[in-house]
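Take a look at the structure set out below.
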Amino acid sequence: MQFVHPYFLTGLTAIAIPVIIHLFNFRKYKRVLFTNVSFIKDIQLQTRKQSRLKHLIILALRILAIIALVTAFAQPFIPLTEQTKTSEAGNALSIYLDNSFSMEAQSGFGPLIEEGRKKASEIAAAYKASDKYQLLTNDFEGLHQRLVTREEFLQMLERVNVSASVRKTSEIITRQKDLLASLPAKNKSIYLISDFQKSSTDLASLEYDSSIQIVLVPLKANPSPNITIDSCWFTSPVHQAGKTVTLKVRVNNVSDQQYEKVPLKLLINSNQKAVTTFDLPPFSSQELTLAYNDMEAGIRYGRLEIADNPIIYDDAFFFAYNVTANIPVLVIDNGIPNVFLASLMKNDSSFRYQRQSEQNLDYASFSNFDLIILDAVPSISSGLAQELNRFVSKGGSLLIAPSLSMDVDSYNSFLGQMGVSPYGPLKKMKQKVTTLALQHPLFQDVFDAIPEKMDLPVVFSAFEMNGTSRTNRDVLISMQSNAPFLITQASGQGKVYMLASPLDLAASNFPQHALFVPVIYKIALLSKPDVRLYYAVGLDERIAYNKAANGDDQVIKIKQRDASFEFIPGQSSDAASSGLMVQDQIKEAGLYQIIDGDSVTAGLAFNYQRSESDVSAYTPAELKEMSAKAGLKNISVLETSTKNLTEAIQELHAGIRLWKLFIIFALVFLAAEILILRFWK
């Protein structure tokens, strides 16, 4: 037991007053003579014993009454935590109300967000109107980054709505501490009102801070089964008009309920393209396959749908991609066209083929191509090296087919600028190609079946490509001597492919071999920029985007496809690439467009984060255990299912107050004294 005003205990010295009065009995006795002395003596003894007992009881009652009265003035209390406050002045508190999608779940008191709103107002009622309050939500709004009065706090509380933003517990507490740390208030407290889902609660990452008390107020939702569309991806990164595409979809069951015959719909540009059904056991996931045709080139806006109540925010999944009519390829040669490349691409509608001589290059046109093939160019000038480096760093693909008479030093100087392994000396040795990296995307879907004895190209002359310890290249084709014949390596945002032999029959029969067509074709297909299908709402991710050729003075905007909402994104650029920054301006999942000037240049898709789809949450007992294991003595957990939160907060901060009880004791002792004096004769 502790005291709010311990100096009042000096009043216990008043106990001496009744003691002194009882020690010095000023009453005088009169002697009476009587003949029967023995009879009078017995009566006298009996009266003295009764009188002494009565006086001792009255003395004890008076002492107890004084002790109880003095103790009541000292305001005793029983502390409930190490952080129990003994002062009622100068309080500053930050109250976090979880407003994520999981707070839409139902409890015994209605939606969790409404119950949390009520708990927040009860917390505020436990303090004085003159104290300072902060309201914090997952949105981290600028309006909430300051302290306000209780009246302003309650007004702000009524305006809190459910949001797509999700925050880790440690991130929230850090934000609250940063604000309270700058305040001179004596008593600082942090409250977190949430369902404390396991996916976002990370108390173990916090550090103990004795200066601030943290109170967790867990809310319990009714059990709710849920399935969710987790993600989707294409089996091929290339999308061409008139080709069949295969979409993979992962669905999760995060509950203990069995689902059967659940329909999954796929819509492309608002038209249904495919539908399938699936069964999903409890706590499991499954990959589904949907196939359809993209008949025309252009931007595709996709939407996946399932029907699942009561949690519905994760039942739709959006994605966007672009279907190309052809792949633009530029061949740079020494002035003599390569007949093998020309015959492959010139008459194929899948490619937009163009060639330029090294002596007559249009550097400004490089950005219009996805793949540049450097064919038999004797040497690399500084200007060409600079432009090719810029082209690759911004996401382009470069295929180098050397010349038997090439200047190795100029090539290696150029390759060194891009961080690519250099060429070695030319070796003349007849050997066969023996190994293909069949697991690499370059060879996926190339062979229906792998023959036991595959006829592979023969090489007569090849440059060494031994690489260095700092390179992370992939060997796609290797020769009998284990020397690489075709390698690829990332550089900036793009890729560089290097052949060991020229595309010349004097060096190898590769240009006439059946392997030549699929290898060149797949290199061209894989040269398409790797564009993300979707982004997450609430995460300020960088969207890779190269400005269209509409002029630098054109404004870039992002607009919701089927709504009027639009905004101007932030732009960032470096030596490698440029991009757009959403900066938390998108709050709603859906399909969006990038508008450059007056043209729609790309499609975007945003989905709500799936971390809250798993509705499992920590119980109050688990939160206490977690805090204890982490050594967080300043964290307490309030279970308020049967008690008003205002009373619980008062007990938490001031302990269990006992002054009323001692007032009652004092009154009881005084009443007992009066009764004894009145009726004990």
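The values are calculated or read from the model by the stated rules, or taken from the named source; none is laboratory data. No experiment lies behind these values; they were computed from the predicted model shown. So basically every Cβ, Gly included, is an ideal-geometry build from the backbone, and we count neighbours across all protein chains shown. We work out accessible area using only protein heavy atoms, side chains counted, and drop any ligands, DNA or RNA first. Shrake-Rupley method; radii C 1.70, N 1.55, O 1.52, S 1.80 Å.
Observations on the structure shown:
- Filter result for residue 499 (loosely packed, with under 14 Cβ neighbours inside 10 Å, modelled with pLDDT of 90 or more, closer than 30 Å to residue 433 by Cα and among the aliphatic types (A, V, I, L, M)): no
- Check on residue 205, of a type outside the set (A, V, I, L, M), touching a Pro at 6+ places or on another chain (Cβ under 8 Å) and open to solvent by 20 Å² or more (accessible area, probe 1.4 Å): no
- Selection count, region 381-432, where residues are among the aromatic types (Phe, Trp, Tyr) and free of Cβ contacts under 8 Å to residues at least 60 places away in the same chain: 2
- Subset of region 174-186 (residues that are closer than 20 Å to residue 97 by Cβ and either surrounded by 15 or more Cβ atoms within 10 Å (Cβ to Cβ) or among the aromatic types (Phe, Trp, Tyr) (or both)): 175, 176, 177, 179, 180
- Selection over region 417-442 of residues that are assigned to a strand (DSSP E or B) and among the hydroxyl-bearing types (Ser, Thr, Tyr) gives a count of 2.
- Residue list for region 323-355, restricted to those being under 17 Å from residue 374 (Cβ atoms) and polar (S, T, N, Q): 334, 338, 354
- Just one of the listed residues (189, 236, 210) is assigned to a loop (DSSP other than H, G, I, E, B), of a type in the set (Ser, Thr, Tyr) and more than 30 Å from residue 525 (Cβ to Cβ), and it is 210.
- Check on residue 250, in contact (Cβ under 8 Å) with a residue 24 or more places away in the chain, within 29 Å of residue 124 (Cβ to Cβ) and out of contact with any helix residue (DSSP H, G or I) (no Cβ under 8 Å at 6 or more places or on another chain): no
- Out of 141, 158, 171, 152, sole residue that is at pLDDT below 90, of a type in the set (Asp, Glu) and open to solvent by 60 Å² or more (accessible area, probe 1.4 Å): 141
- Qualifying residues in region 627-655 (those that are charged (D, E, K, R), open to solvent by 70 Å² or more (accessible area, probe 1.4 Å) and assigned to a helix (DSSP H, G or I)) - the one modelled with the lowest pLDDT: 647
- Picking from residues in region 34-77 that are outside any helix (DSSP H, G or I) and modelled with pLDDT of 65 or more, the one that is farthest from residue 11 (Cα to Cα) is 77.
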